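Q: Sharing a structure here in structure tokens format.
The values are calculated or read from the model by the stated rules, or taken from the named source; none is laboratory data. If you're wondering where the values come from, they're calculated on a predicted model, not measured in any experiment. In this analysis, Cβ positions are derived from the backbone assuming ideal geometry, glycine residues included, and neighbour counts consider all displayed protein chains. We work out accessible area using only protein heavy atoms, side chains counted, and drop any ligands, DNA or RNA first. Shrake-Rupley method; radii C 1.70, N 1.55, O 1.52, S 1.80 Å.
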Amino acid sequence: METSGEPGAILTMAGIGKRFPGVRALDEVDFRLFPGEVHALMGENGAGKSTLIKVLTGVYDVDEGEIVLDGTPVRFTGPLQAQQAGVSTVYQEVNLCANLSVAENIYIGREPRRFGAIHWTELRRRSRQLLDGLGLDVDVSAPLGSLSLAVQQMVAIARAIDISAKVLILDEPTSSLDADEVGQLFRVMRQLKQEGMAILFVSHFLDQVYEISDRMTVLRNGRRVGEYATRELSQLDLVSAMIGKELAVLEELEEQPRRSLATLERDRPVVEAAGLGRNGAIAPFSLTIHRGEVVGLAGLLGSGRTEIARLLFGADRADAGELKVDGAPVTMRGPRAAMARDIAFCSENRRTEGLVAELTVRENIILALQAARGWSRPLPRRRQDELVDRYVKALRIVPANPEALVGQLSGGNQQKVLLARWLITEPRLLILDEPTRGIDVGAKAEIQRLVVTLSDGGMAVLFISAELEEVLRLSHKIAVLRDRRMVDELANDDEVTADRIMAIIASGHGAAPPDAAGRPHDPHDPDVVVVREEV
Amino acid sequence: MANLVRHRFFWPVLTLVVLLVSNLFFTPDFFAIDVRQGHLYGSLVDIVRFGAPLILVSIGMTLVIATGGIDLSVGSVVAICGALACLRISELGDQNSVLGVLAAVGLALGLALLLGAWNGLLVAQVGIQPIIATLILMVAGRGLAQLITDGQIITINSSPYKLIGGGYWLTVPFSILVALLVFGLALLLTRRTALGLLIESVGGNAEASRLAGIHSRRIIFTGYVFAAFCAGVAGLMISSNVSSADGNNAGLWIELDAILAVVIGGTSLAGGRFSLGGTVLGALIIQTLTTTIYSIGIPPETTLLFKALVVTIVCLLQSPAFRARVFGRRRKPPPPPAPEREPQPKVEVPA
Amino acid sequence: MANLVRHRFFWPVLTLVVLLVSNLFFTPDFFAIDVRQGHLYGSLVDIVRFGAPLILVSIGMTLVIATGGIDLSVGSVVAICGALACLRISELGDQNSVLGVLAAVGLALGLALLLGAWNGLLVAQVGIQPIIATLILMVAGRGLAQLITDGQIITINSSPYKLIGGGYWLTVPFSILVALLVFGLALLLTRRTALGLLIESVGGNAEASRLAGIHSRRIIFTGYVFAAFCAGVAGLMISSNVSSADGNNAGLWIELDAILAVVIGGTSLAGGRFSLGGTVLGALIIQTLTTTIYSIGIPPETTLLFKALVVTIVCLLQSPAFRARVFGRRRKPPPPPAPEREPQPKVEVPA
Amino acid sequence: ACGGDDGAGSGSGNDDGKITLGFAQVGAESGWRTANTKSVQDSAKEAGIDLQFSDAQQKQENQIKAIRSYITQKVDVIAFSPVVESGWDTVLREAKDAKIPVILTDRAIDSPDKTLYKTFIGSDFVLEGKKAGEWLVTEYQGKTEPVNIVELQGSTGSAPANDRKAGFADVIKADPKFKVVASQTGEFTRAKGKEVMDAFLKANKDIDVLYAHNDDMGLGAIEAIEGAGLKPGVDIKIITVDAVKDGMQALADGKINFIVECSPLLGPQLMDLVKKVVAGETVPERVVTEETTFTQEQAKAALPNRQY
Ligand SMILES: Nc1ncnc2c1ncn2[C@@H]1O[C@H](COP(=O)(O)OP(=O)(O)OP(=O)(O)O)[C@@H](O)[C@H]1O
Ligand SMILES: Nc1ncnc2c1ncn2[C@@H]1O[C@H](COP(=O)(O)OP(=O)(O)OP(=O)(O)O)[C@@H](O)[C@H]1O
Ligand SMILES: [Mg+2]
Ligand SMILES: [Mg+2]
């Protein structure tokens, strides 16, 4: 290939290779990106997508191969150089400074100035404008760390979009976004595309990929499988290209029977929350989860789903209401108290609240089980290996090396490790907060199947996902949240559709669910309104 | 009122006021300030004057700590700079030659910058952990200072040099002016330009900053150079104040006082957000504490205990967890090392 | 071979060997070990014997650092424990009474545990940053030690007490046995139980550990208590070795040596992974360095520079970034404080 | 020029006629220093002098601050034991301007302006070194074979260490048979003294004499010598400086051969001087503390009524 790259392409990567100790992350990968297109980079977890992006933007050195940007060969020494050359990137893990404000995060490194000094009012004005454009209404001077992961992701996107670049790279930008935000993002992406920007997009949501992309490149095990026009490749073909075999994953998923409350034998509740709430976080709610039941939480970004999970697990303390486990009232003093009652909580932000990056896969997986046993009764090594092996296989964690450091795993594989940690504790109530975030189609189906199997075996599950379809598919019962209050609870049956839930969220009320005492619960009852919000 | 109490400077200012007022019982004219022989004179002036070196060192330390580092070598830099300047001046034919003194001062400050660059190099380029990297210079620097002074104390007799630490300018002690100048400079550099923001970003999340295209290394490097520069000026001041350089004892323990001042001022040792004003306040508290110990005549055996007691109280008051337990239920996000049971730091935003 | 070079102990061990061998040029029988009067005798034995207190303190420091903290107060704890034990023994009717000595030792160690608990409380419960929290005890502790000794050096004459730091048991210096015992205990506790994993997890990510059901606070607390205990034993050893307690100088600067030992041993100050074996190695390197300085007759004025030089070399060798540049192209991800990409030849070094 | 009357009469806050003495101590770094402090405190009480006392924790800065605070408090006399030798001109001039007389104790200062202080009372460290050297010369008189000496210095750069080394070297340099084979700092502490001596013993086969700048290092070294299976005082002759109780005991036990006294008990002499200065009497420029040397026999005799 000539040095000037592919004619017409803004970016050409040829024969790219990258090794990490023990892993060949990229092997002879070619890639082309044209102006005015959205190009999806597809592949299983650990296929090398993020690595390709990092190699391109100078986060990692390239071992071999050639990168041509706009006709000139380049080899960036760091993200700054890439940015200056017109490549703007949102990396997979949200990488912002939690201690700085939203506005500062958006403009850091390119602050608007006046007389050499930072023009603070301008900085805030522009940030607000930019976020408005993405349909996000947040206080731009709030510290970023106080906002949910999804908002942080939107901020990162806003920052990247604002850098008027030639190439925009988005590595799994939608992994924790709701349909609404995804819509906003796509609107902006289309507009940028119109203006001639080249966009590289990574996502495990096939629907999104088909909706937005023009072409796609598929990676498998660090090698390029091929480049396709989106229109010409069926979803099934895409999946088999990614996975490498004719796996009828999608069909299987379609076939999965809708769970229904009718089929569930409601013996005894595992947990019952009555009027449980926390000032400023979630208004008092009532929720009962039975043995073998999957309860889904539906709601928009920031609607308070995570808060419910945290209260049930004792990660935060409730300041109102009552919580019963097995019929006995308890005060959750902390995660340990919950774990002692066989409750497990797989948190949504794997990086800050989940994994310990410098520990190995094995150590991360056994961590919760070991914590529950106490320090003096170490899990015998043989048993550790057994458990870890089983879940590495079951969840197809790559690399399948239990002694690899978790921090060096790809995002999706990290998520699987976190899930494995809680599965081996064999809980009676498993709280899953966005368990499928950043997980590839194959593994997602695997996890969904797992939830079904587990609940069939009597485990109670509280399932939170930004993907409404997933919630609908798995849950016996769905609680709908809006503005940090539970507005409805519905038994999942054929009547219940995504549209109907969206309608409930939009209108703010549905058929009032009965609360723990069996008495109908009116969401507008002033007694249960504990200060909704204070700014 | 509640707002006042919650202001981040409330507790430090209160401590300072309490310390100052408690002096009044032992020295009734403690707050008196008058002009004698054209010089401002009074206990309060003395506190700032003697506190000036600590203020300087603490300002530099603040920036280093904000980048997520720490600088243990400032005490040695103080000693080295004082020693070098005094050595050069002692070698002058005419110790009162202004040019000669300026040259000596310039040389000493140049060396300070170099020492800072060495620290910065070890931390930012080589990647040695800050405590260790600066520990090296802390140890080596004492040795260097001793070599410069030849293990002796160099005494000089130079009125231009004397000005820096012991002189007056328009009735105000010159050292106070220098400290003010450096403080103003640091404020200007960090708050009027983007430097402060960049430092906070690097200290808050170095990796994210790098991905955002910030030259983290350069920022960190600059921090150490600036800290060494401040320490150098402090070294000149201390040696000028006593017209001599003591390689062994000049600046001994000043790094710990400076770290303390930074923390009392509300900057977290974990890096990130910093407050220069708070640091100056912290340094003043420490200096006032020292002065108080002398003026109320704490017996020497208990001086250390007394000092520790006051510091403990200030630190407790600064701790959100402690305040919450003692003064009421308003809680703040937990500091990293004590993660349990604290409520989540969720700031409410109208959704 | 390449594997050997990449072993994490390769560079520390190499340094130690080089230091030891270089002694051979000055003291030909440096490696000779013989038995005199039923005691093991030789320079190598001395290094371990005199290094025992540092080894002890460093072991405790390792665990504290692994939880993401640091303990500056160990030196003061050394002084306090030595002082208390000696005071009690000096008050005994019969200083050779084994029971009396045991009681004194027990009392001193009990106090050490208490002091550790104080540190742990401030850090884990109140949430004061570790450097500051332990700085308080560092300052106050010296005062306390002086109060206990009344500013004097307490001299005792007790053969049972003498055993701890200066005695022999089956020809082996008792202090070496004690250090071995504590080392073994720490290894056992952290590696045969799950404690090590829990500590590493807390040090790596405290919030994630909390959510995984680990009592982070309790772990952190325990770390400080253990560190103080180790320091207490070291204090007994030091005072026993010279049969006297010096509240002012015992354990001075030992915290810095211990931190250094921990880092040389390959444990990151950021917390997380730790290596007790590496720490012992690090402590031995530091002690060997000190002995080397005596035996090759480095003049006192330059000992500090020499010490810093060796430490710098060790730290450089431990730095992956530096090794990459000097020894070849094998690269590792950069350590946290140096966030930017591995040095490219292009990266300007503003020095 | 004598400001005694002025200071006491008009300025002082205490008009009860009692003399106020501001004493700025170096610190509490050793037992010697503590005895010194006690002596000053006790004799002040005895002499009916009101004592303001401060501890500089070995820092000149602190000491200057303390002196300044005495000036502010308008005490009658300031006495201090300078941490270091130089850098006192300014603060002493301030005292002079405030007409407060100053007395130096125990350590001298290095200033060309002798009018800054009234007098200096204290030991002469160079002389102490010389006394140590002289004993050695006498001890080895008539012998020709080389004498290997090891020296344990005080804290590097401190005045006693510098002077005791210099005085000793000055005397022994006359005879080439005296050879200092190793000299290292033991930082004035027992633990370091022991550690360094241990290394000396390993590195030097043939040590005849140990000269330690204070008793504590000597006591530490004795332990090391015993540990090596040698007899201190016999196989290796030991000279130390200070004569604290523990040192005297060792001397009496024959483990040390000779001690040069460096007495901390200058309290009574100091109080005398204070009274004289306040009364406006002239005092000598230099008052040397009453000090002696001890051999083993003298130690046995002196030990029972040794106070520190
Ligand atoms: N710093 C590193 N050190 C060692 N191995 C690494 C490192 N970064 C990535 N890898 C390995 O490289 C491979 C590719 O990872 P990459 O992050 O590119 O996957 P991905 O396609 O982005 O996956 P996902 O969809 O899960 O995000 C993985 O096997 C991963 O373990
Ligand atoms: N659209 C928004 N506008 C403003 N603030 C928001 C928005 N979405 C989330 N937040 C902030 O995020 C915080 C946390 O949201 P929370 O995690 O409770 O929501 P969630 O329902 O779990 O959302 P997610 O879908 O991200 O899991 C809220 O306290 C709120 O401050
Ligand atoms: Mg990825
Ligand atoms: Mg959530």
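Q: At a probe of 1.4 Å, how much accessible area disappears from chains C and A on forming the pair, both sides counted, to the nearest 100 Å²? Numbers along the way, then the final one.
A: On the way: alone 17780 and 22910 Å², together 38290 Å².
It comes to approximately 2400 Å² buried between C and A.
Q: Can you give the Kirkwood hydrodynamic radius of segment A:91-137 from its Cα pairs, in Å with one decimal? Show your work: numbers first, answer last.
A: Working: mean 1/r = 0.0864 Å⁻¹.
In segment A:91-137 this quantity evaluates to 11.6 Å.
Q: Summed for both chains, how many Å² of accessible area, to the nearest 100, are buried between C and B with a 1.4 Å probe?
A: On the way: alone 17780 and 17860 Å², together 30150 Å².
Roughly 5500 Å² of accessible surface disappears when C and B pair.
Q: Shifting gears a bit: Mind ranking A:Arg128, A:Arg482, C:Arg325, C:Arg210 by accessible surface for me, highest first, 1.4 Å probe? Before the final figure, lay out each step's value.
A: Details: A:Arg128 110, A:Arg482 80, C:Arg325 140, C:Arg210 5 Å².
Largest accessible area first, the residues go C:Arg325, A:Arg128, A:Arg482, C:Arg210.
Q: Can you pull the Kirkwood radius for segment B:77-181, inverse mean 1/r over Cα pairs, to one decimal in Å?
A: On the way: mean 1/r = 0.0662 Å⁻¹.
About 15.1 Å for segment B:77-181.
Q: Translational D (Stokes-Einstein, µm²/s) of segment D:190-242 at 10 °C and 1.306 mPa s when Rh comes from the Kirkwood sum over C-alpha pairs? Present the calculation step by step, with values, prior to reporting the outcome.
A: On the way: Rh = 10.5 Å.
In µm²/s, the coefficient rounds to 151.
Q: To continue, here is another question. Name the residue from A:Asn99, A:Ile16, A:Ile53 whose Cα lies farthest towards the positive end of the charge dipole of segment A:1-131, charges +1 on Cβ of Lys and Arg and -1 on Cβ of Asp and Glu.
A: With unit charges placed on the Cβ atoms, the residue in question is A:Asn99.
Q: With every protein chain left in place, what is the accessible area per residue of segment B:105-209 in square angstrom, probe 1.4 Å? It would help to have the intermediate numbers written out before the result.
A: Numbers: 3590 Å² over 105 residues.
Heavy-atom accessible area per residue stands at 34 Å².
Q: So for segment D:50-154, considering every pair of alpha-carbon atoms, how many percent are separated by more than 23 Å? Intermediate results must be reported in sequence, preceding the final value.
A: Numbers: 2247 of 5460 pairs.
Above the 23 Å cut-off, segment D:50-154 has 41 percent of its Cα pairs.
Q: For segment B:104-255, what size does the Cα cloud have along each of its three principal axes, sorted from largest down, in whole Å?
A: Here the spans come out as 54, 38, 24 Å, largest first.
Q: Can you list residues whose amide H is under 5 Å from D:Phe258's amide H, if they're 5+ apart or on another chain and H is modeled 1.01 Å from N?
A: So D:Phe258 has HN proximity to D:Ile238, D:Thr240.
Q: Which distance in Å, rounded to a whole number, links the C-alpha centroids of segment C:123-147 and segment A:90-120?
A: The distance from the Cα centre of segment C:123-147 to that of segment A:90-120 comes to 38 Å.
Q: Computed FRET efficiency, Cβ-Cβ of B:Ser159 and D:Asp50, R0 30 Å: what is it to the nearest 0.05? Don't skip to the end; give the middle numbers.
A: Numbers: r = 37 Å, r/R0 = 1.23.
Working from the Cβ atoms, E equals 0.20.
Q: Once you have a ≥ b ≥ c as the square roots of the Cα gyration tensor eigenvalues for segment B:41-111, tell me rounded if a/c is under 1.5, and otherwise prolate or oblate according to whether a/b is larger than b/c. Intermediate values should be presented prior to the final figure.
A: Details: a/c = 2.96, a/b = 1.40, b/c = 2.12.
Taking the square roots of the gyration eigenvalues as a ≥ b ≥ c, segment B:41-111 is oblate.
Q: Using alpha-carbon pairs under 8 Å, 6+ residues apart, how would you state the relative contact order of chain A in percent?
A: Working: 1080 pairs, mean separation 84.1, N = 535.
Reported relative contact order: 16 percent.
Q: Taking each residue in D:194-201, count the Cβ atoms of any other chain within 10 Å of its Cβ, then average. What number comes out?
A: Details: counts 4, 9, 5, 1, 8, 14, 3, 2.
What the average comes to for D:194-201 is 6.
Q: With 45 Å as the cut-off, how large is the P(r) tail for the protein assembly as shown, expressed as percent of Cα-Cα pairs? Before the final figure, lay out the partial values.
A: Details: 586974 of 1192740 pairs.
Distances greater than 45 Å cover 49 percent of the Cα pairs.
Q: While we're here: How many times 2.2 N^0.38 Å is the alpha carbon radius of gyration of chain C?
A: Against the empirical 2.2 N^0.38 Å value, I get 1.03 for chain C.
Q: How much accessible surface area, in Å² rounded to 10, belongs to the heavy atoms of A:Trp422 with a 1.4 Å probe?
A: Per-residue accessible area (A:Trp422): approximately 10 Å².
Q: Let me ask another. I need the P(r) histogram for chain D: all alpha carbon pairs, bin width 10 Å from 0 out to the longest distance, whole percents.
A: All Cα pairs considered, the percentages come to 6, 27, 30, 19, 12, 4, 1.
Q: May I ask what percent, to the nearest 5, of DSSP beta bridges between residues of the protein assembly as shown are antiparallel? If you can, show how the numbers build up before the last one.
A: Working: 65 of 139 bridges.
Antiparallel: roughly 45 percent of the beta bridges in the protein assembly as shown.
Q: Sort shortest first the distances from B:Ser97 to its counterpart in every other copy, using label points 7 Å along the Cα-to-beta-carbon line, and give them in nm.
A: Inter-copy label distances (nm, one decimal, shortest first): 7.5.
Q: Carbon-plus-sulfur fraction of the accessible area of the protein assembly as shown, 1.4 Å probe, in percent? Working shown, then result.
A: Details: 32140 of 56350 Å².
Percent of accessible area from carbon and sulfur atoms in the protein assembly as shown: 57.
Q: Moving on to the next point. What are the semi-axes of the equivalent ellipsoid for segment D:104-152, taken as the square roots of 5 times the Cα gyration tensor eigenvalues, largest first, in whole Å? Present the calculation step by step, with values, prior to reporting the outcome.
A: Working: eigenvalues 255, 21, 15 Å².
Square roots of five times the eigenvalues give 36, 10, 9 Å.
Q: Once the label point is placed 7 Å from Cα along Cβ, list for C:Arg191 the distances to the corresponding points in the other copies, in nm, shortest first.
A: Inter-copy label distances (nm, one decimal, shortest first): 5.4.
Q: Of D:Thr119, D:Tyr140, D:Ile100, whose Cα points farthest to the positive end of the dipole of segment D:56-166 (charges on the beta-carbon: +1 Lys, Arg; -1 Asp, Glu; origin at the Cα centre)?
A: Checked the options; the winner is D:Ile100.
Q: In chain C, if the dipole is taken from +1 on Lys/Arg beta carbons and -1 on Asp/Glu beta carbons about the Cα centre, which of C:Ser239, C:Leu177, C:Leu211 is farthest to the positive end?
A: Value computed over the given set: C:Leu211.
Q: Over the Cα atoms of segment D:115-221, what is the Rg over Rh ratio if Rh follows Kirkwood?
A: On the way: Rg = 14.7 Å, Rh = 14.4 Å.
My calculation of the ratio gives 1.03.
Q: Can you classify segment B:1-157 as rounded, prolate or oblate using the Cα gyration tensor, where a ≥ b ≥ c are the square roots of its eigenvalues, rounded means a/c under 1.5, and otherwise it's prolate if a/b beats b/c and oblate if not? Could you put the intermediate results ahead of the total?
A: Values: a/c = 2.68, a/b = 1.24, b/c = 2.15.
Note, shape of segment B:1-157 comes out oblate.
Q: Hey, if we sort D:Glu145, A:Glu66 by accessible area with the 1.4 Å probe, largest down, what's the order? Don't skip to the answer; put the middle values down first.
A: Values: D:Glu145 110, A:Glu66 55 Å².
So the residues, ranked largest to smallest area, are D:Glu145, A:Glu66.
Q: In addition: Need the list of aspartates and glutamates near D:Lys194 for cross-linking: C-alpha distance under 15 angstrom, and skip anything on the same chain fewer than eight residues off.
A: By straight Cα distance, D:Lys194 reaches C:Asp46, C:Asp246, D:Glu151, D:Asp215, D:Asp216, D:Glu223, D:Glu226.
Q: Here's another thing I want to ask about it. What per residue convex hull volume, in Å³, comes out for segment A:383-491 when only alpha-carbon positions are used? Working shown, then result.
A: Values: hull volume 12.5 nm³, N = 109.
In segment A:383-491, the Cα convex hull volume per residue is 115 Å³.
Q: Also: For the full complex of protein chains and a 1.4 angstrom probe, list D:Lys114, D:Lys192, D:Lys45 by accessible area with the highest value first. All intermediate terms of the calculation are to be shown ahead of the outcome.
A: Numbers: D:Lys114 100, D:Lys192 50, D:Lys45 165 Å².
Of D:Lys114, D:Lys192, D:Lys45, the descending order of accessible area is D:Lys45, D:Lys114, D:Lys192.
Q: Put the label 7 Å from Cα along Cα→Cβ for C:His39; what are its distances to the other copies, in nanometres, shortest first?
A: 5.8
Q: Rounded to the nearest whole Å³, what is the per residue volume of the convex hull around the Cα atoms of segment A:41-163?
A: On the way: hull volume 17.2 nm³, N = 123.
For segment A:41-163, the hull spanned by Cα atoms encloses 140 Å³ per residue.
Q: Under the rule of at least 5 residues apart or a separate chain, name every residue whose amide H is placed under 5 Å from the amide H of A:Ala298.
A: Excluding prolines and chain starts, which carry no amide H, the hits are A:Ala479, A:Val480, A:Leu481.
Q: Tell me which residues come under 5 Å, amide H to amide H, from A:Leu41 once H is placed; ignore anything under 5 positions away on its chain.
A: A:Phe201, A:Val202, A:Ser203, A:Thr217
Q: Now, a different point. Given segment A:173-232 reduced to its alpha-carbon atoms as identical point scatterers, what log10 I(q)/I(0) does the Debye formula return at q = 0.15, 0.23 Å⁻¹?
A: -0.50, -1.05
Q: Within segment B:148-169, which residues have the backbone N less than 14 Å from the label spot 7 Å out from C:Ile296 along Cα→beta-carbon, could you tell me?
A: Correct set: none at all.
Q: Further question on the same structure: Mind telling me which of C:Ile148, C:Ile70, C:Ile128 comes out most flexible in a GNM of chain C, alpha-carbon contacts under 10 Å?
A: Highest fluctuation of the listed residues: C:Ile128.
Q: Further question: Ignoring everything but the protein chains, give the 1.4 Å probe accessible area of A:Lys444 in square angstrom, nearest 10.
A: Roll a 1.4 Å probe over it and A:Lys444 shows about 20 Å².
Q: Oh, and also: When all protein chains stay in place, what accessible area (Å², nearest 10, 1.4 Å probe) is found for C:Trp118?
A: 100 Å²
Q: Hey, another quick one. For chain B, set up a GNM with springs between Cα atoms under 10 Å and report which of B:Gly100, B:Gly196, B:Gly166 has the largest fluctuation.
A: B:Gly100
Q: I would also like to ask the following. Express in nm, to one decimal, how much length is gained between A:Ala340 and A:Ala503 on full extension, taking 0.36 nm for each residue of separation and deducting their alpha carbon distance. The partial results should precede the final answer.
A: Numbers: separation 163, 0.36 × 163 = 58.68 nm, distance 3.89 nm.
Stretched fully, the A:Ala340-A:Ala503 segment lengthens by 54.8 nm.
Q: With θ set to phi - 60° and the Karplus curve 6.51 cos²θ - 1.76 cosθ + 1.60, what are the ³J(HN,Hα) couplings of segment A:232-244 in order, to the nearest whole Hz, using x for Gly and Pro?
A: 8, 10, 6, 4, 5, 5, 4, 4, 5, 5, 6, 8, x
Q: Cα-based Rg of segment C:1-80 per 2.2 N^0.38 Å, rounded to two decimals?
A: Working: Rg = 17.1 Å, N = 80, 2.2 N^0.38 = 11.6 Å.
In units of the globular-protein estimate, segment C:1-80 measures up at 1.47.
Q: Which whole-Hz couplings ³J(HN,Hα) result when phi for each residue of segment D:58-70 is put into the Karplus expression 6.51 cos²θ - 1.76 cosθ + 1.60, θ = phi - 60°, listed in order with x for Gly and Pro?
A: Ordered by residue, 3J(HN,Hα) equals 6, 10, 4, 3, 4, 5, 4, 4, 4, 4, 4, 5, 5 Hz.
Q: Also, I was wondering about something else. For the pair A:Arg190/B:Arg325, report the inter-label distance in nm, with labels modelled 7 Å from Cα in the Cβ direction.
A: Reported label-point gap for A:Arg190 and B:Arg325 is 5.8 nm.
Q: Let me ask something additional. What average count of beta carbons from other chains do you get within 10 Å of the Cβ of residues in A:140-148?
A: On the way: counts 0, 0, 3, 5, 2, 6, 7, 3, 3.
Across the residues of A:140-148, the mean count of other-chain Cβ atoms within 10 Å is 3.
Q: Could you give each residue of segment C:80-93 its phi-based ³J(HN,Hα) in whole Hz, using Karplus coefficients 6.51, -1.76, 1.60 with θ = phi - 60°, and x for Gly or Pro?
A: So the J values, rounded to whole Hz, are 5, 5, x, 5, 5, 4, 5, 4, 5, 5, 5, 8, 5, x.
Q: Taking chain B as a Gaussian network, where each spring joins two C-alpha atoms under 10 Å apart, which residue of B:Ala234, B:Ala186, B:Ala32 fluctuates the most?
A: B:Ala32
Q: In Å, what Kirkwood hydrodynamic radius results for chain A from the alpha-carbon pair distances? Display every interim value, and only then the final one.
A: Details: mean 1/r = 0.0410 Å⁻¹.
Evaluated over chain A, this radius sits at 24.4 Å.
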